[in-house]
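S.K.: Starting off with a structure, shown below.
Here, each number is a calculation from the coordinates, and none is a lab measurement. From a predicted model like this one, the values you see are computed outputs, not experimental measurements. Neighbour counts are summed over all protein chains in view; Cβ atoms, including those assigned to glycine, are modelled from backbone coordinates with ideal geometry.
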Amino acid sequence: SVLWQTAVPIVLGLALAVTGGIGLGLVLLKLVDKQVADWWAFLPITGVGAALILLVTVLSLPPLWRMMRPDGLRTE
């Protein structure tokens, strides 16, 4: 459950960022009357962002699991 509490917002945030970025990019390209050169150019940047988020999430899980134990919850 702890992993789902971090994974779901991250996936939703990445999906929203990619959708919004592509939408705004298309609007800007329409304004300057240009065509899309490469539709898949956003994938490496999105992949690096997802990998960094995954790395930080995995590194923060052990302290999070310790805090979610009953003795950790009593100290809050």
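S.K.: Determine ³J(HN,Hα), in whole Hz, for all residues of segment 45-51 in sequence, where each value follows from phi through the Karplus function 6.51 cos²θ - 1.76 cosθ + 1.60 and θ = phi - 60°; x replaces Gly and Pro.
M.R.: 5, 5, x, 5, x, 5, 5
S.K.: Of the options Val8, Gln35, Ala50, report the single residue whose Cα projects farthest towards the positive end of the charge dipole of the chain (beta-carbon charges: Lys, Arg +1; Asp, Glu -1).
M.R.: Val8
S.K.: Using the Karplus curve 6.51 cos²θ - 1.76 cosθ + 1.60 with θ = phi - 60°, work out ³J(HN,Hα) for each residue of segment 11-20 in order, rounded to whole Hz, and write x for Gly and Pro.
M.R.: Here the 3J(HN,Hα) series is 5, 5, x, 5, 5, 5, 5, 5, 4, x Hz.
S.K.: Taking every Cα atom in the chain, find the radius of gyration and the maximum pairwise distance Dmax, and write them in Å.
M.R.: 18.5, 61
S.K.: Do the sum for the chain: with -39,500 (n - 2.57) for every DSSP H run of n ≥ 4, divided by all residues, what is the mean residue ellipticity at 222 nm, to the nearest 500 deg cm²/dmol?
M.R.: Rounded to the nearest 500, the figure is -28000 deg cm²/dmol.
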